[in-house]
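Q: Encoded as structure tokens, here's the structure I'll be asking about.
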Amino acid sequence: PLGVTNVAGVDVLLGATAVPTVSAGDFQLRPQGSGVALSYGVRVGLLQESAFVPGISLSWMRRKVPTLELDYTPSNDTLQARNISLTADAFRLVASKRFALIGFAAGLGQDKIDGVAGLRSVVNEPVGGGSSRAEISFPTLTESPTRNTAFVNASLGVPIARFVLEIGRSSAGTLRETLNTFGGRRANEAYTYGSLGVTVRF
């Protein structure tokens, strides 16, 4: 307890991500093992919300996706990615306040992502009356981007549920140059995002 509020409340954060096998024509994406990866973290309440003060919290969460394999086999060519692993550390500082059934929140954060994969490609090209085969392998490719983010949200609470609408913007970052393009966008561009969430209480 501290005056009209409380400090140093601690919440444990747990989550899970499941990825199914996806096959579409020449493309296949499949998880290794169970296809489920666990996420975990902790949130510290710097201030507990009360009638007179907003709630302020600082959180960290490590998110993972299952280790994946990818195959793309157009014609007689092959592109394979193995041991695709993605881990993200998310840090958030959030201030929030509720007024009757309506709540508001705003926050700042940073996402640090580590990606690892092995890549192999085989290209067969006709040459004269025969064919030419070219093979390239990269046993370990790594990428570690960092993005800052800011967001606001509004929520509507009813007795057994809460609906939350959020909008935010992720900052631009450095870019490793690539040969391919992404629909006119660059992979390091700033990005505006939004989400809708529903929480049910029992």
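Q: Test of understanding: what is the full-extension gain from Arg82 to Asn180, defined as 0.36 nm times their sequence separation minus their Cα-Cα distance?
A: Full extension from Arg82 to Asn180 adds 33.3 nm.
Q: What does the range 143-194 give for Rg and for Dmax, in Å, if only its C-alpha atoms count?
A: Rg and Dmax of the range 143-194, Cα atoms, are 16.2, 53 Å.
Q: Can I ask one more? Please report the orientation-averaged projected area of the range 7-78, defined via the convex hull of its C-alpha atoms, in nm².
A: 7.2 nm²
Q: Now for a separate question. Where in the chain is the longest stretch that carries no GluC sites (Glu not before Pro) classed as loop by DSSP and with at most 16 other Cβ atoms within 10 Å?
A: 1-176
Q: Over the alpha-carbon set of the range 1-40, work out the extent along each principal axis and list the three values in angstrom, largest first.
A: 64, 18, 7
Q: Oh, and also: Taking trypsin sites (Lys or Arg not before Pro) as exposed when DSSP calls them loop (any state but H, G, I, E, B) and at most 14 other Cβ atoms lie within 10 Å, what is the longest stretch of the chain free of them, the sites themselves excluded?
A: Result, exposed sites excluded: 1-175.
Q: Follow-up question, since we're still on this one. Rolling a 1.4 Å sphere over the protein heavy atoms, what is the accessible area per residue of the chain, to the nearest Å²?
A: Here the per-residue accessible area is 66 Å².
Q: Cα-based Rg of the range 4-129 per 2.2 N^0.38 Å, rounded to two decimals?
A: Normalised by 2.2 N^0.38 Å, the Cα Rg of the range 4-129 equals 1.64.
Q: For a bin width of 5 Å, list the pair-distance distribution of the range 36-101 built from all Cα-Cα distances, rounded to whole %.
A: 4, 13, 15, 12, 11, 10, 8, 8, 6, 5, 4, 3, 1, 0
Q: Quick one: 3J(HN,Hα) in Hz for the range 35-49, Karplus 6.51/-1.76/1.60 with θ = phi - 60°, rounded, Gly and Pro as x.
A: x, 10, 10, 8, 10, 8, x, 8, 10, 10, x, 5, 9, 8, 4
Q: Given springs between every Cα pair under 10 Å in a Gaussian network model of the chain, which of Ile84, Ile56, Ile136 has the largest fluctuation?
A: Top of the fluctuation ranking is Ile136.
Q: Of all the C-alpha pairs in the range 88-156, what % are more than 13 Å from each other?
A: 77 percent
Q: Then there is this: Can you work out the FRET efficiency for the pair Ile113 and Ala161, with r the C-beta to C-beta distance and R0 = 35 Å, to the nearest 0.05?
A: 0.65
The values are calculated or read from the model by the stated rules, or taken from the named source; none is laboratory data. For clarity, every value in this text was computed on a predicted model and none was experimentally measured. Because the Cβ atoms are built from the backbone with ideal geometry, glycine has one as well, and the counts that use them run over all protein chains shown. Quick note on the areas: whole protein, heavy atoms, side chains included, nothing else; ligands and nucleic acids left out. Shrake-Rupley method; radii C 1.70, N 1.55, O 1.52, S 1.80 Å.
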